[in-house]
Each structure stands twice: as C-alpha cells, then as structure tokens.
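Report on one structure; see the data block that follows.
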Amino acid sequence: MTSKKLQSIIDGDKEYLFQNYGDRLPVCFVRGEGSYLYDQDGAQYIDFFSGIAVSSLGYGNNAFSKALHRQVETILHSSNWYYNKEQVEAARLLSELSFPGKTLFVNSGTEASEAAIKLARRYGQSISPDCYGIISFEGSFHGRTFGAMSATAQEKIHKGFGPIVPGFTYLPYNDIKSFKKEIGSRRNVCAVITELVQGEGGIKIIDGSFIREVATICAKHKILLIIDEVQTGIGRTGEVFAYRHFDITPDIITMAKGLGGGVPVGAMHARSDLSKYLEKGTHGTTFGGNHLASAAAVAVLKELKKPACMKKVKHSGAYIMDRMRALQKKTDIIQDVRGMGLHIGIELKKPGMDIVKRALDEKLIINCTAEKVIRIMPPLTIGMPVIKQGLSILEKILLQEVD
Ligand SMILES: Cc1ncc(COP(=O)(O)O)c(C=O)c1O
C-alpha cells in the first residue's frame, strides 16, 4: 500500500518532472546509514545497488562526511578561472592510483566520454584531416550526449534523435577477427573506446586475450585506447581501475559514478603527452572539479588507497558469487553468474524486473539490466552481516521462482 506521504511525492513527480526515466520504483529514500537506506516512512532497506555504483563508501562514512562538511563550510565553487587545490590533490591521487598522467574534471560519466572523444578527435586531426574514426563495441554504453551516445553501440539509444555524430564504427565485442579486419582495411581510426565489463550491457566481461590484442594493435597503429571506467572504476571490480586486471595500460581512462561517492563528479585521465591536444580554449565546463566535487573525490580516493579496501571488495564479491553459484545449482531460473569484485550479474532465463520489485517489497534494493540480468553493486564498504542478510532475501525470492 502506498502511504499518503509517498503518494504526494509521486503525484508531484508526474506533474512537475519530465517522465524520461523508466517507471520509477515506488519508494523515496530520505536517509542512509552504512549500507542501509530509509524511505519516506522510516522503513529500512539493504542497499545492493549504491544508486548505480555511485555511493561507493555507503552512507555517512565518517572521513567522507567530515571532508564534505569541512568543504561546505569553506568554499563550494570558484570556477576554472582560478587555481583549485582540491582539484590538484584529486588529480595527483588519480595519477598515483592509475598511471602518471593528467586529469580533466567534468560532472558525469557522459561528459567524461565526451571529453575523451574530443581529445581523440583532436589527436586524430593532428595526424590527418581524415583521421577521426572511433571504434566501439556492440552492447556498450558510454553516455547520452551526442558524442557519447554516438559512441554507444546500441540502436535503442540513438533512436528518434536524427543523425548521430559521424565517424563511429561498431564492432562485435570480444571478436578479434573482425577487429583485425577493420583495422587492416583503414588508416583513419584515431581511437578505440571500450568498457572492460559492459555494465548497462548486462555485466559482460571482456576476454583478456581480446583486449590485450586490441591494446597491442592500437599501440602499433598509434590508435588511442580509451577505457571507459565510469562503472568499473573507483574500486568496483576489486582493483581501483579494472584495466589493472587485464595487464594493459590505456592511453585514456574515463570515470565518474563512485568517484564522488554521491557528489556529481567525473574525470578523464590521460597520458600526460596527450594533454597538449586539448590546448587552451578547446574544452571546459563551469562546474568541472569545483571545490566540493574535488574534495569529495579526494576523500573517496584516500579511502581507496587503504590496502584493506580493495581486499574487502574482492573478498565480499567472491563470497556473493559463491553463494549465487551454489543457488544456481538449486534452481533452474539462473542462466549464469558472473562479475568481478562487487560488480556482479546474475543472468536469469526470464526478465528480471519482477524480481527487483519483489526484492523491494522485502526491503532489498537490487537492479535489473539488459532485461534479464540482476545487477548487484553494493557500497564497497558493505559489511559481511549485511551481505548475508541481503543474500538470504534474494535466495528466498529466486527459489520461489519457477522457469
Ligand atoms: C560505462 C558507462 N559509461 C558512461 C556512463 C554515463 O555516465 P553518466 O550517467 O554519469 O552520464 C555510464 C552510465 O551508466 C556507464 O555505465
């Protein structure tokens, strides 16, 4: 039963907001603590979703809250007309936690993709006027602005917007033959952009041998390799950045989501020598990396630096996957269990939205992506007792399902 409080929020949403998102689930979260969320009527939920992998440190993390409070009380914004010490510190930490390079701060994952695309295009133009081709892979998701949407190899994302940005080629994911054929037949490719685990595409993990060959070919042809770490980065897969699992070094990584722990901030981090292609006046954003956003990123990155943090993600992720694989043996409705760290997909043999709704009724927050894949992405800091509590609910629901 929808409470009066919730109903009035729903009514307001319908009256005053664009209805561009899929049907919202009937709950309004008003508070969080650890890995629990609380709704408008005070009910407690276990969070296995982190607001699409954003609330990386959960809710009310002491060091994070203190850093934000301090920043709110000093300065939120000045603009990129001026130097910004929090931005410098966030960039320094990113170089330390990925590869030595330079960072450009933006406000979302989409904008991080956009920045990488613009950098790649200017790099290509320095080689030849024809060198503007960018390759991406089927099932990918890179964002919703025109450039990022055009990099996204999904027709349903392009539909109804008229011509998308020219110059993008979509190839099958994990198919080295078609990649080699494409590269062999042209000389106008400036970049390849890919996720290492397709998140929106259904937690599809890239083949190690595929991405290593792609990286080698890119290096040989001086094609930039852009790894979209918007969903996989910031510790989600058990390494601070997922490329670390694959023994490759990208030229550019993009990130957002977990970087600000809930404060909107994104970034493009690139090899230092590439920064010259986005020279003065070529790109920018008013808010990008403002004092608050950068202070949030610094606080998150400092937590990630602690060795125990990634160890915990690996351990928690392995535990969840073990339990889900054990469950797979007891029920017919699970097709596959896959993931890395706390970026986990349970592919069902049927659409999963009903399961998400039933879990919500049982006060467990999960998500479904690519229609059939239940996605589990709790805060990186989630404790074992809460994991066990959440899994027991999920197991009960999945065992009640029949094929
Ligand atoms: C891999 C990837 N890239 C880019 C984006 C776009 O990020 P944002 O929604 O912050 O614009 C997303 C969002 O889900 C994503 O998963």
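The values are calculated or read from the model by the stated rules, or taken from the named source; none is laboratory data. Here the structure is a predicted model, which means the values were calculated and not measured. Cβ placement follows ideal geometry from the backbone for every residue including glycine, while neighbour counts extend to all protein chains displayed.
Some points to look at:
- In region 263-282, the residues that are touching a strand residue (DSSP E or B) at 6+ places or on another chain (Cβ under 8 Å) and either buried (at least 18 other Cβ atoms within 10 Å of the Cβ) or of a type in the set (D, E, K, R) (or both): VAL265, GLY266, ALA267, MET268, HIS269, ALA270, ARG271, LEU274, LEU278
- Selection status of ILE355, in contact with a helix residue (DSSP H, G or I) (Cβ under 9 Å, 6 or more places away or on another chain) and either not assigned by TED's automatic domain parsing to the domain that holds ILE52 or not in a helix (DSSP H, G or I) (or both): no
- Residue in region 250-269 that is in contact (Cβ under 8 Å) with a residue 12 or more places away in the chain, more than 13 Å from the ligand (Cβ to nearest atom) and hydroxyl-bearing (Ser, Thr, Tyr) present: no
- Residue in region 370-383 that is surrounded by fewer than 22 Cβ atoms within 10 Å (Cβ to Cβ), small (Gly, Ala, Ser), under 16 Å from ARG323 (Cβ atoms) and more than 17 Å from the chain's Cα centre (by Cα) present: yes
- All positions within region 158-193 that are among the β-branched types (Val, Ile, Thr) and within 18 Å of ALA112 (Cα to Cα): VAL165, VAL192, ILE193
- Residue check, LYS118 within 16 Å of the ligand (Cβ to nearest atom), among the charged types (D, E, K, R) and either at pLDDT below 95 or part of a helix (DSSP H, G or I) (or both): yes
- The listed residues are ILE134, ILE157, and the only one of them that is in contact (Cβ under 8 Å) with a residue 40 or more places away in the chain and either surrounded by fewer than 22 Cβ atoms within 10 Å (Cβ to Cβ) or in contact with a helix residue (DSSP H, G or I) (Cβ under 9 Å, 6 or more places away or on another chain) (or both) turns out to be ILE134.
- Breaking point among (1) over 19 Å from GLN231 (Cα atoms); (2) in contact (Cβ under 8 Å) with a residue 60 or more places away in the chain; (3) not in a helix (DSSP H, G or I), for LEU327: (3)
- Summed over region 1-57, the residues that are among the polar types (S, T, N, Q) and either in contact with a Ser or Thr (Cβ under 8 Å, 6 or more places away or on another chain) or closer than 25 Å to LYS388 by Cα (or both) give a count of 6.
- Count of residues meeting criterion [over 16 Å from HIS315 (Cα atoms) and polar (S, T, N, Q)] in region 226-241: 2
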